[in-house]
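> Okay, here's the structure, questions in a sec.
Every number in this text was worked out from the coordinates using simple rules, so none of it is lab data. Values in this document were obtained by computation on a predicted structure and should not be read as measured data. Here the Cβ positions follow ideal geometry from the backbone for every residue, glycine too, while neighbour counts run over all protein chains shown.
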Amino acid sequence: MGISVSALMLAGLITGTIALQRSYKASEYYAAASADQVRALDYIARDTRGALTAVPSATGNSLTLTLPAYYSAYDTQGNPTTTAVPVAPTISANSDTSYGTTAGAITVVYSVSGRSLIRQVKVGPAAATQSVIASDVDNFDFDFTAIDSTITAKISFSPRFRGIAASTDLKTTRSAVVYMRNHK
């Protein structure tokens, strides 16, 4: 009798430990996925606010933005160099702001590749550089809708942790609607 009680207690302890470990991993993944979603939307919102043009793809999994050259010189990552000076904008009679020609413009492309969200930056005629904004993504629904001068971005991650109801599709979703200030 004593051995069976001890075995039952040990089985309960092992089951509880496994459940706590799974719960910890699920919480850890949820926090990482939330951080990736927020970071991706922050990048997209920052670039979209200053964009001159925004062209979502027909499939909705990429967005091409054209940003004005606010500074005289940029590095290959799209950051102003230490010697760069701000470009003086010209304001037309109908209040349109121009930062010069589009020859020095910065092109930013957001796209989904496999399990990653990629941000590709091209400054003028230089070669494009790319960086991964969010990685280790199980399911990435990237939906852009261009309506007048707003862009709507919606990002979803499927959870890794699934309990008894594995057939239900529970996703964490973040979305943002961004107004384009410089839209032409």
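> Could you give the nm distance between label points at Thr173 and Met9, where each point is 7 Å from its Cα heading toward the beta carbon?
4.9
> Placing unit charges on C-beta atoms (Lys and Arg positive, Asp and Glu negative, everything else neutral), compute the dipole magnitude of the range 6-102 about its Cα centre in debye, rounded to 20.
280
> While we're on this one: In nm, to one decimal, how far is the Val85 label point from the Gln130 one, both placed 7 Å along Cα→Cβ?
3.7
> Search the structure for amide H atoms under 5 Å from the amide H of Thr150, placed 1.01 Å from N in the peptide plane, and list their residues when 5 or more places away or on another chain.
For Thr150, whose amide H was placed from the backbone, the distant partners under 5 Å are Met180.
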